[in-house]
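A short write-up of the structure that comes next.
Rule-based calculations on the coordinates, nothing more; no lab input. None of these values were measured; they are calculated from a predicted model. Glycine gets a Cβ as well: all are built from the backbone with ideal geometry, and neighbour counts include every protein chain shown.
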Amino acid sequence: MKRDPKIVFGEWVELGRDEGMATGHQSSVNHMLSLALKGRREFSFIDAGCGNGWVVRQVAEHPDCVSVAGVDAAQQMIEKAKACDSKNHYVCADLERWSPNSSVDVVHSMEVVYYLNNPARFFQNVYKLWLRKNGMLIVGLDFYLENKASHSWPDDCGISIMRLFSENEWVNIFANAGFSNVTSYRFGAKKGWEGTLIISGNKLA
Ligand SMILES: C[S@@+](CC[C@H](N)C(=O)[O-])C[C@H]1O[C@@H](n2cnc3c(N)ncnc32)[C@H](O)[C@@H]1O
């Protein structure tokens, strides 16, 4: 039987598998951060689906970072994040029901948005409620239609919600949510692996 992502990922913390995700996603995330933070001064940042908080802690080291927070629905992920970092802000919440008290400059999300019931509505909320003017949403995805090596993951991981969209479909979801300058890019492609699909868009007004 397939189960809710937050239950499965909560168990992954107990098995230590959250650490493997951090290692596996590091190079794609470094690339995403270099795109999202280029030229930013005094920025605020949210990692949506932060897992154990490793990206929050990495971004907090940036000299121009004013505030950084992580949000994740798996309780064990947030407990672990808080246990190793009392300085930054972590929230245990469902991304589809939560929004920040004040808007931020960058919303980053690595390997998360395809677990949502309604990614289109989430992007609309990020555009309207999470981001400031000139803010950016940037997401990284390894599970997408063109990356055939990822298609077995719903069965391999026993996760109930995993939305399989093509690169063009993700780009259209961004554009329809109101984002400008929507760009998509595959990072780290090699034989049998199409790479991390990185999509970003700006809130201009
Ligand atoms: C593949 S992990 C990636 C974690 C982290 N971004 C990283 O790169 O290590 C997916 C994460 O998304 C979280 N997640 C899935 N659905 C969610 C939802 N609806 N609201 C909040 N978090 C969610 C899971 O709990 C899990 O920590």
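Report, for region 5-203, the % of DSSP beta bridges that are antiparallel, rounded to 5.
On the way: 14 of 33 bridges.
Of the beta bridges lying entirely in region 5-203, close to 40 percent run antiparallel.
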**Asked** Which distance in nm do the two modelled labels at Arg186 and Ser160 give, with both placed 7 Å along the Cα-to-Cβ direction?
**Response** 3.2 nm
**Asked** Just going by the charge dipole of region 5-203, with Lys and Arg at +1 and Asp and Glu at -1 on Cβ, which of Asn202, Ile78, Gly16 is farthest out on the positive end?
**Response** Asn202
**Prompt:** Points 7 angstrom from Cα along the Cβ direction at Lys148 and Glu79: gap in nanometres?
**Reply:** 4.2 nm
**Item:** Dipole magnitude (debye, nearest 20) for the chain, charges at Cβ of Lys, Arg, Asp, Glu
**Value:** 540 debye
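Nearest 500 deg cm²/dmol is fine: what mean residue ellipticity at 222 nm does the chain get from its DSSP H runs of n ≥ 4 alone, each adding -39,500 (n - 2.57), divided by its residue count? Walk me through the numbers before you get to the answer.
Numbers: 7 runs with 70 residues, N = 205.
Theoretical 222 nm ellipticity from helices: -10000 deg cm²/dmol.
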**Request:** Using 0.36 nm per residue of separation minus the Cα-Cα distance, give me the extension gain between Ala205 and Gln124 in nm, one decimal.
**Result:** 27.7 nm
**Prompt:** Counting only residues 5 or more places away or on other chains, whose amide H sits under 5 Å from the amide H of Gly70 once H atoms are built in the peptide plane?
**Reply:** Asp47, His89, Tyr90, Val91
**Asked** How much net charge surrounds Arg40 when only the other residues with a Cβ under 15 Å from the Cβ of Arg40 are counted, with Lys and Arg +1 and Asp and Glu -1?
**Response** +1
**Asked** Of all GluC sites (Glu not before Pro) in region 1-84, which ones are in loop regions per DSSP and have a Cβ with at most 11 other Cβ atoms within 10 Å?
**Response** Glu42, Glu61
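My understanding is that a pair violates if its Cα-Cα distance is over 31 Å; which of Lys6/Lys148; Lys6/Lys87; Lys87/Lys190 do that in this structure? Show your work: numbers first, answer last.
Values: Lys6/Lys148 24 Å; Lys6/Lys87 24 Å; Lys87/Lys190 38 Å.
In this structure, Lys87/Lys190 lie more than 31 Å apart at Cα.
With a cut-off of at most 12 other beta carbons within 10 Å, and DSSP calling the residue loop, which trypsin sites (Lys or Arg not before Pro) in region 77-134 qualify? Please list them. Let's see the in-between values first.
On the way: sites: Lys80, Lys82, Lys87, Arg97, Arg121, Lys128, Arg132, Lys133; in loops: Lys87, Arg97.
For trypsin sites (Lys or Arg not before Pro) across region 77-134 that sit outside H, G, I, E and B with at most 12 neighbouring Cβ atoms in 10 Å, the list reads Lys87, Arg97.
Using the Kirkwood formula over every pair of different C-alpha atoms, what hydrodynamic radius in Å results for the chain? Walk me through the numbers before you get to the answer.
Working: mean 1/r = 0.0588 Å⁻¹.
It is 17.0 Å.
Compute the length gained on full extension between Glu14 and His62: take 0.36 nm times their separation in residues and subtract their Cα-Cα distance, giving the result in nm to one decimal.
Values: separation 48, 0.36 × 48 = 17.28 nm, distance 2.97 nm.
Stretched out fully, the Glu14 to His62 stretch lengthens by 14.3 nm.
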**Asked** Given a cut-off of under 8 Å on Cα pairs at least six residues apart, what relative contact order in percent is computed for the chain?
**Response** 20 percent
